[in-house]
1. Taking the Cα centre of segment 325-440 as origin, sum charge times position over the Cβ atoms of Lys and Arg (+1) and Asp and Glu (-1), and report the length of that vector in debye to the nearest 20.
2. Listed highest first by mean packing, meaning other Cβ atoms within 10 Å per residue, what order do 388-395, 333-340, 512-519 come in?
3. Taking the Cα centre of each part, how many Å lie between segment 609-635 and segment 330-344?
4. For the chain, what is the percent of antiparallel DSSP beta bridges, rounded to the nearest 5?
5. Please name whichever of L145, V367, A78 sits farthest to the positive end of the charge dipole of the chain, dipole taken about the Cα centre and charges placed at Cβ: Lys and Arg +1, Asp and Glu -1.
6. Note down the accessible area of R343, probe 1.4 Å, to the nearest 10 Å².
7. Just need the relative contact order of the chain here, percent rounded to a whole number, with Cα pairs under 8 Å and 6+ apart.
8. Restricting to Cα pairs below 8 Å that are 6+ residues apart, what does the relative contact order work out to for segment 472-639? Please round to a whole percent.
Amino acid sequence: MPLGDRAGDKSESRYCGVETEFDDDVPQLLLSNLSSAGFDFVVAPLMDPSYRPSLMRKENGGSAVLPFAGSDLVLSPAQWSSHVVGKISSWIDLDSEDEILRIDSETTLKQEIAWASHLSLQACLLPAPKGTSYANYARCVHQILQGLNNMQLWLRIPLVKVDEDSTDVNSDNLVDSWDLWNSFRLLCEHHSQLSTAIDVLSTLPSPNALGRWFGESCFLTNSRGYPCLSKRHQKLITGLFNHSIQVVLSGKPLHNVSKGSADLPTGLNKNSSDGAQSHPLRCYLDYIAFLYQRMDPLPEQERIELGYRDFLQAPLQPLMDNLESQTYETFEKDAVKYIQYQRAIVKALKDRVADENASSITTVLMVVGAGRGPLVRAALQAGEETGRKLKVYAVEKNPNAVVTLHSLVKMEGWERIVTIISCDMRHWDASEQADILVSELLGSFGDNELSPECLDGAQRFLKQDGISIPSSYTSFIQPITASKLYNDVKAHKDVSHFETAYVVKLHNVARLSPPQPVFTFTHPNWTPDGSNQRYQKLAFEIPNDTGAALVHGFAGYFDATLYGDVHLGIEPSTATPNMFSWFAIFFPLRTPICVRPGSPLEVHFWRCCSSHKVWYEWCVTSPSQSPLHNCNGRSYWVGL
């Protein structure tokens, strides 16, 4: 049964499995672990652990039936698929110096995966690599992946990082577990059907080192169960719950907890049935369920955005395309954004017109890119709040939105205050100049929807001492690990998709270093012949206790100053709370870059302009050289 109900969470995190020993009575195995004990699936060996191909050839001439755990007919296809994860024999060592063992291992691996595929299992758990040499293991896994349909392969990785304060036994002989995983998946070319099964040990690496795993497709196992985990273990598991992992309990019980015991740790289920409590790991399942159930419900905004998590979307082409009604409606529901705009307009009106002149001076305010009118409404509400008189021009190029604007003005009785202009702001000849110019032309990267070009064209009808809202905005980038996003781009099998920036609700990512500013634009810009082309070189430092990290690309954000101290943005450290009009932007790298501690990541970004388009180019020059992405806007550009 699921771990519990958590409002808004329909992910795989609700399900918990248990690792079992080999049992050729699979129906009884499911009965004792699922029906009686309450687990959702088993991770069970598919092959008798005593099986060795070389011995069978000697004894039977290779004609004997393979010792699998029962026939495929003992369970229905739905039961195999939903309740069984295949556990590949743990003895296999495909990089052994013993040739017989190596050949036996390769044969067994392929036989077990073939059987699992025949059973329509959703996943198989691969044993951890033995030692530091695993090239042949990775080669064989890669070969297998080429022929798999939908089954996932989970590579077991002990969660180890060799810190100076590590207390794990034999830590001198251990390698950083993330390094092990990264090297293995590189040999398998980042195959989307290969992910990790993390073995959580009694001690944990540093928080920064753990953070790398949030950018991976992870599956969690717990090799040492405790009815009460340390605070760091609790934080790790609840953090991974938010990234749709599943927990598998593994090993022997370390606590003798009897049914109904008054000494059960807080949160454990004291009302389990006799059959459930008789399972040796039941108290640990109850504790995992307790951790899951005490998590805060997903906020309403997060629930709305669930379907957009890690989903790549093409950015808008605001000048080339007219927005649809549904898009307008989505943006208009963002009340927080328009509250911020109204606050900025209130401050601008008060600065523009003194209280003693409020009844005698009329402020000319132009909304450029008025859409269906939310900024017009915000401006008029600001005028009413401050007692200032307004004359409003609503300039909009989309003829369909203009129809809605006319209807709104008539319905609200704004005919004497609001004049609607159906025209591109860059080509309109205004009959008078504006005191205040208001726009909402910002994209996820600030300038990526051509706000600089549009406002440069519109500022000719702004008074020399006039006010622009927003008055400035800055773009930011930060390096991220994002395996899912990388694989989604890679699936297109062309260069152009790696040279395209995507709007995406980032979720399964690891943010490796704090964001840094890239380009800043200020309005109005009275600089003669001012260019909107930009270039910036940035150097990011990965914290030493993170260990090595893989950069799949860069997350982009913006922060805008609307007016005075009123700001709006999605840069994580200053993001406007509860605002949903913008997701981050993602600039992928064609080849991921591995960054070692103490080695700076040097990245170059360009904003390029021509007479008919604007585009970005980017590359990495340290610690290794990447190709220049999107040269001359060959793959991705925004049309003027």
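1. Roughly 80 debye, rounded to the nearest 20.
2. Descending mean neighbour count gives 388-395, 512-519, 333-340.
3. Their Cα centres are 34 Å away from one another.
4. Here the antiparallel bridges make up roughly 50 percent for the chain.
5. Toward the positive end, the furthest listed residue is V367.
6. Counting only protein heavy atoms, R343 exposes about 100 Å² to solvent.
7. 11
8. This gives 28 percent for segment 472-639.
The values are calculated or read from the model by the stated rules, or taken from the named source; none is laboratory data. In this text, all values refer to a predicted model and were calculated from it rather than measured experimentally. Cβ: placed from backbone, ideal geometry, glycine included. Neighbour counts: every protein chain shown. Remember, those area values only see protein heavy atoms, side chains included, never the ligands or the DNA or RNA. Shrake-Rupley method; radii C 1.70, N 1.55, O 1.52, S 1.80 Å.
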